[in-house]
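The values are calculated or read from the model by the stated rules, or taken from the named source; none is laboratory data. Quick caveat, the model's predicted, so the values are computed rather than measured. Note that we place each Cβ from the backbone using ideal geometry, even for glycine, and neighbour counts take in every protein chain shown. Heads up: the accessible areas ignore ligands, DNA and RNA and are worked out on the full protein's heavy atoms, side chains in. Shrake-Rupley method; radii C 1.70, N 1.55, O 1.52, S 1.80 Å.
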Amino acid sequence: MDTNGPSLLLPGMSQEPRSHLVNESGYSTHAQDFVDLHKQVQSSVSLLDSLENFLSTFQKDLSAVSGQISTLQDRSKDIENRLKSRRRIEKPLSNLLADLCIPPELATIILDTPVGEPWIEAIGEFESRLDALKVRARVKAARDLTEVAEGMRIVAATKLRAFFLALLQPIRTSMTTNMQVMQTSIFLKYKPLFLFIQRQAPNVANEVQRAYVGAARTYYETGFRRYIRSLGYVKARAIEKADVITAGASEAKEEPEVDFDRLGSSRINGPGVVLAHIAEEKSFKEPIEAVVRSLLLVLMDNASAEYTFVTTFFASEQRRPTHQKRSSGSIRSPTSLLSPTDGNSEDGHSVVSSDYGASPRQRITSIGSIMALTEVNGSTKDAKEEQTALNAVWKQIMDPVLDYCQIFLKGVLEPTPPVVPLLIIIRLTEDVMAELQKRNCGPLETFIFSVRLQMWPVFQKAMGEHIESVKKLAEGTTSSLFRRGTTTTDLAVTNICRRYVVLFNSFIALTEQPEETMIFSNLLRLRQELSKLIASHTDKITDPAAKASAQNALYDVLLQNLSRGARPSSHPRAQSEMAFWRGRDEESEHAMVDITVTCKTASMEFGVRNSG
């Protein structure tokens, strides 16, 4: 062993001088430790090799995971974009599903329950579904559901047809049915149901309308035929002869005064109408103007109520569309389905139009504005045509009634009634026309106007007869070579004066206008003839004083009776009439004074001559 070479210093060993080195037995003692240490080193090397292999594999796996993470990030962004797109079309798609879906409870009401109040709301919702299916016809689901909806529409129309026809049964079977109560309480309540069949089943709506027209026509025809027959009995019991103003004037009897109760029949506000069961009593009597008033008021109330119902119930109402097609931005647009980001989150709705008849002025800035104005003009034309059609429906219902009334009113004029009742009837027609204008019942107003036109010539003829009778009497008092004069008495002329005043005061009470040619021109002519009669009657008196006194007495009769007129101080014509006769009276008084003075002067001269 070389003691000069390097020595190995093991753990746990201390460096000592060579002389102190352990012997061979000391190495053998640590041999096992060396072996174990070698094994540990070998194990560590193996672990390091394994770790190196693991790290190499991990690096490859990490590269793969990194690529997958990048892929997942790209997929995540894509999913996020798709989610945003779905959210954009969520509301339109929800609206689409809601529109296309027919709720089971709605189907149950229409298919399994009889028509009643629950149908009023249900039928509106169902029609909205039908409109939505029509608007969304490009959607396959809508086309698939159309057959089901069409079947429900047919069922609804069939049930509604039977329902409305059943409502007409009481009108057909009993005249005690209150027509107005049926209309306002039942028919108008179910108008939404009729509007449904009017829009969705026009043939059924036309059938219901024809059935109503037939039932209402029979109802009114029967009722008015019976009522007019009862009024005919009353008319026959109180026939009033239309004598001229000079008829029976020489007879000593009480002359009539102005009957203000009868004049009250010239207004619709006044006494009640004649009831049918009372009219059939043999002891019941009413003047002719009261009978006509009852007929016109009953006609006005029934016909105007019927007109209001017809123009309300049968009038078509354009349903406001709940959806409006758009070129893009809607769930109904194919482009929006292909590109959700271009979709619109709001469902399409129509723009609410302005109130009917109050459309604002529009500036024409595009072809769209021109088309909009064209639609407004078209709707106005359609409204006029519809109004004409509704007037025709009313006319179909009321035609028999108007014929009966026309015949009865012609019978009233034949023979001609006295002139005052005739003017009362004319004024009544004018008041009825004014009321019909307020009720907006044009067709009946036209009928009443035609009746009024028929009465004015009769009135003119009657006044002409009065004037002619006074004229003939005045001309008959003078005799000529070929004609013998007619003798008139103070009583006859006085009675004629009183009758004239009654006629004048009645006309004044019935006339509000200060100038009305038909009335006052005839009164002026009659006054002229009466003035001539008074002059011709008093001309037969040879004594000037007696003549003036007779004239003064007749003028006093006229003035006293005129002062008791209906409105002597308010109507200009009454004042004019009083002034005319007061002037004549003053002239007669002046004549009497002049005659008295002349007589006294002559008497004094005669006395002076005799004394001389």
Go through the residues of segment 401-408 one by one and say whether even a single one is at pLDDT 95 or above, more than 19 Å from the chain's Cα centre (by Cα), of a type in the set (Asp, Glu) and not in a loop (DSSP other than H, G, I, E, B).
yes
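Let's see how each residue does on (1) closer than 24 Å to Asp243 by Cβ; (2) surrounded by fewer than 19 Cβ atoms within 10 Å (Cβ to Cβ):
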position: Pro421; (1), (2): yes, no
position: Arg452; (1), (2): no, yes
position: Phe459; (1), (2): yes, no
position: Tyr500; (1), (2): yes, no
position: Ser521; (1), (2): yes, yes
Give all pairs with beta carbons closer than 6 Å in which a residue from segment 512-526 that is under 16 Å from Glu468 (Cα atoms) meets a residue that is among the aliphatic types (A, V, I, L, M) and in a helix (DSSP H, G or I); count only pairs at least 6 apart in sequence or on separate chains.
Asn522/Met463; Arg525/Ile467; Leu526/Ile467
Residue set Leu83, Leu96, Leu111; condition more than 24 Å from Ala201 (Cα to Cα) and either open to solvent by 70 Å² or more (accessible area, probe 1.4 Å) or among the basic types (Lys, Arg) (or both); output residue Leu83
Note down all Cβ pairs under 7 Å where the first residue falls in segment 527-546 and is modelled with pLDDT of 85 or more, the second is of a type in the set (Ser, Thr, Tyr), and they're at least six residues apart or on different chains.
Leu530/Tyr500; Ser536/Thr477; Ser536/Thr478; His537/Thr477; His537/Thr488
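For every residue, the table says whether it meets (1) closer than 17 Å to Tyr219 by Cα; (2) part of a loop (DSSP other than H, G, I, E, B); (3) open to solvent by 60 Å² or more (accessible area, probe 1.4 Å); (4) touching a residue at least 40 places away in the same chain (Cβ under 8 Å).
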| residue | (1), (2), (3), (4) |
| --- | --- |
| Glu150 | no, no, yes, no |
| Ile171 | yes, no, no, yes |
| Val181 | yes, no, yes, no |
| Pro192 | no, no, no, yes |
For the structure I just gave you, tell me whether Val41 is open to solvent by less than 90 Å² (accessible area, probe 1.4 Å) and at pLDDT 85 or above.
yes
Looking at segment 209-266, which of the residues that are among the polar types (S, T, N, Q) and within 29 Å of Asn495 (Cβ to Cβ) is most open to solvent (accessible area, probe 1.4 Å)?
Ser250
How do the pairs read when you match residues in segment 260-281 that are part of a loop (DSSP other than H, G, I, E, B) with residues anywhere that are open to solvent by 50 Å² or more (accessible area, probe 1.4 Å), using Cβ under 8 Å and keeping only pairs 6 or more apart or on different chains?
Val274/Glu286; Glu280/Tyr233
Considering only segment 556-598, state which residues are modelled with pLDDT under 60 and part of a helix (DSSP H, G or I).
Val597
All conditions in (1) assigned to a loop (DSSP other than H, G, I, E, B); (2) within 23 Å of Thr308 (Cβ to Cβ); (3) open to solvent by less than 40 Å² (accessible area, probe 1.4 Å) are true of Met175 except (3)
Could you tell me whether segment 30-37 includes any residue that is part of a helix (DSSP H, G or I) and at pLDDT 85 or above?
yes
All but one of (1) modelled with pLDDT of 90 or more; (2) under 25 Å from the mean Cα position of the chain (by Cα) hold for Thr177, so report the exception by its number.
(1)
The lone condition Leu133 fails out of (1) under 22 Å from Phe194 (Cα atoms); (2) open to solvent by less than 50 Å² (accessible area, probe 1.4 Å); (3) without any contact (Cβ under 8 Å) to a residue 24 or more places away in the chain; (4) not basic (Lys, Arg) is (3)
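Just to be sure, is Gly232 in contact with a Gly (Cβ under 9 Å, 6 or more places away or on another chain), farther than 15 Å from Leu428 by Cβ and touching a residue at least 40 places away in the same chain (Cβ under 8 Å)?
yes
Can we say Ala290 is more than 15 Å from Cys405 (Cβ to Cβ), open to solvent by less than 30 Å² (accessible area, probe 1.4 Å) and without any contact (Cβ under 8 Å) to a residue 40 or more places away in the chain?
For Ala290, the condition - more than 15 Å from Cys405 (Cβ to Cβ), open to solvent by less than 30 Å² (accessible area, probe 1.4 Å) and without any contact (Cβ under 8 Å) to a residue 40 or more places away in the chain - is met.
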Candidates Gly232, Gly214, filtered to the one that is under 30 Å from Gly116 (Cβ atoms) and small (Gly, Ala, Ser):
Gly214
Restrict the check to segment 392-409 and report whether at least one residue is touching a residue at least 12 places away in the same chain (Cβ under 8 Å), touching a Ser or Thr at 6+ places or on another chain (Cβ under 8 Å) and either of a type outside the set (A, V, I, L, M, F, W, C) or open to solvent by less than 50 Å² (accessible area, probe 1.4 Å) (or both).
yes
If only one of Ser25, Ser19 is modelled with pLDDT under 75, among the small types (Gly, Ala, Ser) and open to solvent by 90 Å² or more (accessible area, probe 1.4 Å), which one is it?
Ser19
Name the residue, out of Ala383, Ala389, that is open to solvent by 10 Å² or more (accessible area, probe 1.4 Å), hydrophobic (A, V, I, L, M, F, W, C) and modelled with pLDDT under 90.
Ala383
With the requirement that a residue be closer than 15 Å to Ser316 by Cα and not in a helix (DSSP H, G or I), what does segment 195-249 give you?
Ala201
When restricted to Ile109, Ile154, the only residue more than 22 Å from Glu317 (Cα to Cα) and without any contact (Cβ under 8 Å) to a residue 60 or more places away in the chain is Ile109
As an exercise: evaluate Lys472 against (1) at pLDDT 95 or above; (2) surrounded by fewer than 17 Cβ atoms within 10 Å (Cβ to Cβ) and give the number of the one condition it does not meet.
(1)
